[in-house]
Amino acid sequence: MRKKVVAGNWKMNLGFEEAEELIEELIDLLEKEDIKPDVIICPPYPYLEMASDYAQEARFKVGAQNICPFESGAYTGEVSASMLSSMEVTHCIIGHSERRKYFGEDDKMLTAKVNMALIHGITPIFCVGESLPERESEKHFEIVRRQVRHGLFHLDTNEFAKVIIAYEPVWAIGTGITASPAQAAEMHAYIRTLIVERYGEAPAEETIILYGGSCTSKNAAELFAQPGVDGGLVGGASLIADEFVAICKQA
Ligand code: 13P
């Protein structure tokens, strides 16, 4: 039985004090509620240590939004996987469409990032998803297939078992346009067929696949109820404590 997961991607938002306030609010709300899924918050790098200090006593884990594909050394401005794991960071978003688009991250780099995370015991939350023109020209399955294969299918079965996948259609990110529950279910099922082909039935059944893109407390229940949708990767709504917790409650 797959575990439900809700992860909050804070992106490049909030000052330090605001971040700390949000964490304190989350701790209070998560304590009061009967929350079933694994909850992960992914604040910006400079807040990770603070977040993971709080996480020791809290009902959430901490993820990073990025990771360096290299081990250590002369890579100005980068943060290594070993630095993240030394701060008890348990997860890392890799392959987000914003990093693919604005920072030119290609399949080769993403493969290296996935490998580095796994070497250091960090769970990759590997993002895939098509753009609007790609969906309109009915290339969405082809695009997602390429992203999943190139980013993950070099892994052996044991390594692959440690990965979470997030399907985030680019046209749904920050737009208020959510994929319909049927569209999400269809793509999640498709991703699972790719995993069956590469790793077999059992690993495909075990893989956690999240949906991301304009996920809110209004649409989460229906999305998370779809077969094969194991929770969400939440952007904007993860910056508001009661909204994020309301989403967590629905997983
Ligand atoms: P929004 O929930 O703001 O659409 O962002 C989704 C996302 O990109 C999460 O990684």
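The values are calculated or read from the model by the stated rules, or taken from the named source; none is laboratory data. Predicted model only: the values in this text are computed from it and were never measured. Reconstructed Cβ throughout: ideal geometry from the backbone, glycine too, with neighbour counts over all protein chains shown.
Among the residues of the range 182-205, is any touching a His at 6+ places or on another chain (Cβ under 6 Å), in contact (Cβ under 8 Å) with a residue 12 or more places away in the chain and not acidic (Asp, Glu)?
No, the conditions are met nowhere in the range 182-205.
Using beta carbons and a limit of 9 Å, which pairs, at least six apart or on different chains, have the first residue in the range 89-102 and aromatic (Phe, Trp, Tyr) and the second one within 11 Å of the ligand (Cβ to nearest atom)?
Every condition considered, no pair remains.
Enumerate the pairs (first residue in the range 1-20 and more than 14 Å from Ile164 (Cβ to Cβ) and polar (S, T, N, Q); second residue anywhere and in a loop (DSSP other than H, G, I, E, B) and within 13 Å of the ligand (Cβ to nearest atom)) with beta-carbon separation below 6 Å, excluding pairs fewer than 6 apart on the same chain, so at least 6 apart or on different chains.
The qualifying pairs do not exist here.
Of all residues in the range 1-18, how many are closer than 24 Å to Leu210 by Cα and either within 16 Å of the ligand (Cβ to nearest atom) or aliphatic (A, V, I, L, M) (or both)?
Number of matching residues: 10.
Checking Val62 against (1) away from the ligand (no atom under 16 Å from the Cβ); (2) hydrophobic (A, V, I, L, M, F, W, C); (3) outside any helix (DSSP H, G or I); (4) closer than 28 Å to Ala237 by Cα: exactly one of these is not met. Which one?
Of (1) away from the ligand (no atom under 16 Å from the Cβ); (2) hydrophobic (A, V, I, L, M, F, W, C); (3) outside any helix (DSSP H, G or I); (4) closer than 28 Å to Ala237 by Cα, only one is false for Val62: (1).
Every residue in the range 182-228 that is assigned to a helix (DSSP H, G or I) and of a type in the set (Lys, Arg), please.
Matches in the range 182-228: Arg192, Arg198.
Of all residues in the range 148-187, count the ones that are of a type outside the set (Gly, Ala, Ser), surrounded by 14 or more Cβ atoms within 10 Å (Cβ to Cβ) and more than 20 Å from Asn9 (Cα to Cα).
Of the residues in the range 148-187, 12 are of a type outside the set (Gly, Ala, Ser), surrounded by 14 or more Cβ atoms within 10 Å (Cβ to Cβ) and more than 20 Å from Asn9 (Cα to Cα).
Of Ser86, Ser72, Ser97, Ser82, which residue is closer than 19 Å to Arg145 by Cβ and of a type in the set (S, T, N, Q)?
Exactly one residue qualifies, and that residue is Ser97.
Conditions (1) within 15 Å of the ligand (Cβ to nearest atom); (2) under 21 Å from Leu30 (Cβ atoms); (3) out of contact with any Phe, Trp or Tyr (no Cβ under 9 Å at 6 or more places or on another chain); (4) modelled with pLDDT of 95 or more, marked per residue:
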residue	(1), (2), (3), (4)
Arg149	no, no, yes, yes
Ala179	yes, no, no, no
His188	no, no, no, yes
Thr193	no, no, yes, yes
Gly212	yes, yes, no, yes
Ala225	no, no, yes, yes
Ala237	yes, yes, no, yes
Ala246	yes, yes, yes, yes
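Name the single residue, out of those in the range 76-96 being over 16 Å from Ala7 (Cα atoms) and crowded, with 21+ Cβ neighbours inside 10 Å, that is nearest to the ligand (Cβ to nearest atom).
Result: Leu84.
Report yes if Ala161 is within 16 Å of the ligand (Cβ to nearest atom) and not β-branched (Val, Ile, Thr), otherwise no.
no
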